[in-house]
Amino acid sequence: MNGAAEGLVAAQPAPVPPPKPWTRSRIAGYLLMAFWIAATAGLVVYLYLAWDLDKIERYGPKFLSGLYVTLTLVGVSIVIGAVISFPVALGRMSKNIIINRLAFAYVYIFRGTPLIAQLFLIYYGLGSFRQQLEAVGLWVFFRDAWNCALFAFSLNTAAYQAEILRGAIESVPRGQWEGAEALGLNRIHTFWKVILPQALIVALRPYGNEIILMIKGSAIVALVTVFDLMGETRRAFSRTYDFQAYIWAAVFYFVMVEALRNVWNRLEARLTRHLLR
Amino acid sequence: MEKYLTLLSFGDQGWSDEIAWGVLITVSLALATLPLGLFIGFMIALGKQSKEWTVRTAADIYTTIFRGLPELLTLFIVYYGLQIGIQLVLKLIGFDGAIEINSFAAGAVSLALVFSSYASEVFLSAFRAIPKGQYEGGYALGLRHGTVMRMIILPQLIRIALPGLGNLWMILLKDTALVSAIGLTDILRQTGIAARVTKEAFLFFGIAFLLYLVLALISSIALNRIEAYGKRGEQAR
């Protein structure tokens, strides 16, 4: 009668999971993590031991002004580059073969050579044309290393941004153009109101990468006597022979890049929330 | 005009032999960095797909660090940091004296660190593009893990990763210009010396600019050839 329930075995605790085997990759993983933890700890201890109030008071404000120079240089050149990149991108998509080739040559030249070579060519090279530049009144501009850096960076980032923009605009399906045309919109309206908003979402991530590349690339202006973050670091190092200057610069750059990366991820998630399914 | 020709001639009067040496240094630095960077990058990519979270995290930390630092700063940290570190170690064992690190080696190591962190991402996405069935098919044939990797996965992986690696090569070639800052006599350094001595800055930096452009052009032609060679099986279909 009531035998069935009594015959059941009482609930047992789950069996103990078998011990995780010590595979080679597990040992390697622990060793690698131990290395990173030790490296971080070593870095913190090093910076703590090397902490020198005298040096911090003397070079701390200079580092901050260097940071400001880096940020303004990158910010302004990205904006100017974005403005220049527009006609270049349109030129790259133009059916006119001369305009197309010219835009292609511009992009190829600036993407095919190192930024530092472009900077040297503009900063040192234009000095050869001092008389001519003075005659047209441009020497005042090109005499200053900061202006030269801004000029070189703007032209360089314009080439990269033009390719980003072109890729993004071409990624918008042709049906969008046709649909807008069917609604009676003219081409300019179609471009600004229909195509560009969709293209910019595609371009968002590459733009973020380009800004990060510019922040990192801007370190080379230190070689043409602009005192950006890197320049201040080199000056501090050459005066004190204290290696912590470079470590602090690394920390500053790292925080800048990581912060931008995270902000950009948030921004992208926010702007593409309507695309989530 | 004649003045320029003399400046650009080979020999004592001209600078072409010095600049040619610079080209050689630039190209050999890039070629020396490439295998090192590819190897580290591949290892990091393997680490990123490990079953152990510790290995994955360690690999992620590596890429985050070396993608977050400017190349120039990495170069300085490796160059001066190694120098100071070795001196400290030598002082501990009783040897006192200035040690100078070979700037070529420091350049190759720091460029390889940067290259490998980007290459690992390229390899990782290539790994993800290979279906799991490829591994399973290999295991079903009784092949060992290493053999499956070498004979089945790697040939497909390289083909998928080739465009991305080609881009990284172009970036590497441009990044080699930074080593002039630590005194290596590459293209930019040699043309810079020539510019300072002769006061013809535009001429010589223009030559450096053109040389980099030519190197990029040659590389892109070679990369296209290699890619076409990699795709020759697909065209037959």
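The set of residues from region A:235-250 being more than 20 Å from residue B:66 (Cα to Cα) and at the interface with chain B (Cβ under 8 Å from one of its Cβ atoms) comprises just one member, A:237.
More than 29 Å from residue A:257 (Cα to Cα), among the basic types (Lys, Arg) and either without any contact (Cβ under 8 Å) to a residue 40 or more places away in the chain or open to solvent by less than 50 Å² (accessible area, probe 1.4 Å) (or both): is that true of residue A:58 in this structure? Considered against the rule, which asks whether it is more than 29 Å from residue A:257 (Cα to Cα), among the basic types (Lys, Arg) and either without any contact (Cβ under 8 Å) to a residue 40 or more places away in the chain or open to solvent by less than 50 Å² (accessible area, probe 1.4 Å) (or both), residue A:58 comes out as no. Taking the conditions exactly as written (over 21 Å from residue A:152 (Cα atoms) and either open to solvent by 30 Å² or more (accessible area, probe 1.4 Å) or within 10 Å of chain A (Cβ to nearest Cβ) (or both)), does residue B:232 satisfy them or not? For residue B:232, the condition - over 21 Å from residue A:152 (Cα atoms) and either open to solvent by 30 Å² or more (accessible area, probe 1.4 Å) or within 10 Å of chain A (Cβ to nearest Cβ) (or both) - is met.
If you go through region A:112-128 and pick out every residue that is among the aromatic types (Phe, Trp, Tyr) and either assigned to a loop (DSSP other than H, G, I, E, B) or facing chain B (nearest Cβ under 7 Å) (or both), you end up with 2. Taking the condition facing chain A (nearest Cβ under 9 Å) and open to solvent by 50 Å² or more (accessible area, probe 1.4 Å), does residue B:93 pass? The answer is no for residue B:93.
Scanning region A:3-54 for residues that are within 23 Å of residue A:236 (Cα to Cα) and assigned to a helix (DSSP H, G or I) yields A:42, A:43, A:44, A:45, A:46, A:47, A:48, A:49, A:50, A:53, A:54.
Per this entry, residue B:60 is counted among residues that are open to solvent by 60 Å² or more (accessible area, probe 1.4 Å), closer than 19 Å to residue A:253 by Cβ, more than 19 Å from the chain's Cα centre (by Cα) and not polar (S, T, N, Q). Hey, any hits in region B:157-166 for a residue that's facing chain A (nearest Cβ under 10 Å) and within 26 Å of residue B:123 (Cβ to Cβ)? So far as region B:157-166 goes, no, none of its residues is facing chain A (nearest Cβ under 10 Å) and within 26 Å of residue B:123 (Cβ to Cβ).
When residue A:124 is tested against the conditions (1) farther than 30 Å from residue B:22 by Cβ; (2) open to solvent by 30 Å² or more (accessible area, probe 1.4 Å); (3) at pLDDT below 95, the lone failure is (1). Pairing residues of region A:251-272 that are away from every other protein chain (no Cβ under 14 Å) and open to solvent by 50 Å² or more (accessible area, probe 1.4 Å) with residues that are aliphatic (A, V, I, L, M) and assigned to a helix (DSSP H, G or I), at Cβ distances under 8 Å and at least 6 apart in sequence or on separate chains, gives A:267/A:204; A:271/A:201; A:271/A:204.
Comparison of A:111, A:130 shows that the only residue that is open to solvent by 60 Å² or more (accessible area, probe 1.4 Å) and in contact (Cβ under 8 Å) with a residue 40 or more places away in the chain is A:111. Quick check on region B:125-136: of everything there that is touching a Leu at 6+ places or on another chain (Cβ under 9 Å) and part of a helix (DSSP H, G or I), which residue is surrounded by the most Cβ atoms within 10 Å (Cβ to Cβ)? Ranking the candidates gives B:126 first. Set side by side, the residues B:57, B:74, B:64, B:33 differ, and just one is more than 10 Å from every other protein chain (Cβ to nearest Cβ), polar (S, T, N, Q) and either on the phi > 0 side of the Ramachandran plot or assigned to a helix (DSSP H, G or I) (or both), which is B:33.
Residue count for region A:182-216 under the criterion of being in a helix (DSSP H, G or I), open to solvent by 60 Å² or more (accessible area, probe 1.4 Å), farther than 25 Å from residue A:73 by Cα and among the polar types (S, T, N, Q): the result is 1. Pick out the one residue from A:229, A:165 that is within 10 Å of chain B (Cβ to nearest Cβ) and surrounded by 16 or more Cβ atoms within 10 Å (Cβ to Cβ). Step by step, each of A:229, A:165 is checked, and only A:229 is within 10 Å of chain B (Cβ to nearest Cβ) and surrounded by 16 or more Cβ atoms within 10 Å (Cβ to Cβ). Only one entry of B:72, B:31, B:8 meets the criterion of being open to solvent by less than 50 Å² (accessible area, probe 1.4 Å) and either of a type outside the set (Phe, Trp, Tyr) or touching a residue at least 60 places away in the same chain (Cβ under 8 Å) (or both), and that entry is B:72.
Quick one: is residue B:116 more than 21 Å from residue A:36 (Cβ to Cβ), away from every other protein chain (no Cβ under 13 Å) and either touching a strand residue (DSSP E or B) at 6+ places or on another chain (Cβ under 9 Å) or among the hydroxyl-bearing types (Ser, Thr, Tyr) (or both)? For residue B:116, the condition - more than 21 Å from residue A:36 (Cβ to Cβ), away from every other protein chain (no Cβ under 13 Å) and either touching a strand residue (DSSP E or B) at 6+ places or on another chain (Cβ under 9 Å) or among the hydroxyl-bearing types (Ser, Thr, Tyr) (or both) - is not met. Put simply, of A:270, A:277 the only residue that is farther than 15 Å from residue A:64 by Cα and in a helix (DSSP H, G or I) is A:270. Scanning region B:11-28 for residues that are open to solvent by 10 Å² or more (accessible area, probe 1.4 Å) and free of Cβ contacts under 8 Å to residues at least 40 places away in the same chain, we see that the one that is farthest from residue A:23 (Cα to Cα) is B:13.
Would you confirm, using the coordinates I've provided, whether residue B:186 is open to solvent by 10 Å² or more (accessible area, probe 1.4 Å), within 11 Å of chain A (Cβ to nearest Cβ) and either closer than 30 Å to residue B:228 by Cα or in contact (Cβ under 8 Å) with a residue 60 or more places away in the chain (or both)?
Criteria not met by residue B:186.
The one condition from (1) open to solvent by 30 Å² or more (accessible area, probe 1.4 Å); (2) in contact with a helix residue (DSSP H, G or I) (Cβ under 9 Å, 6 or more places away or on another chain); (3) more than 10 Å from chain A (Cβ to nearest Cβ) that residue B:225 does not meet is (2).
The values are calculated or read from the model by the stated rules, or taken from the named source; none is laboratory data. This one's a predicted model, so the numbers in the text were calculated from it and none came from an experiment. So basically every Cβ, Gly included, is an ideal-geometry build from the backbone, and we count neighbours across all protein chains shown. For accessibility, only protein heavy atoms count, side chains too; no ligands or nucleic acids. Shrake-Rupley method; radii C 1.70, N 1.55, O 1.52, S 1.80 Å.
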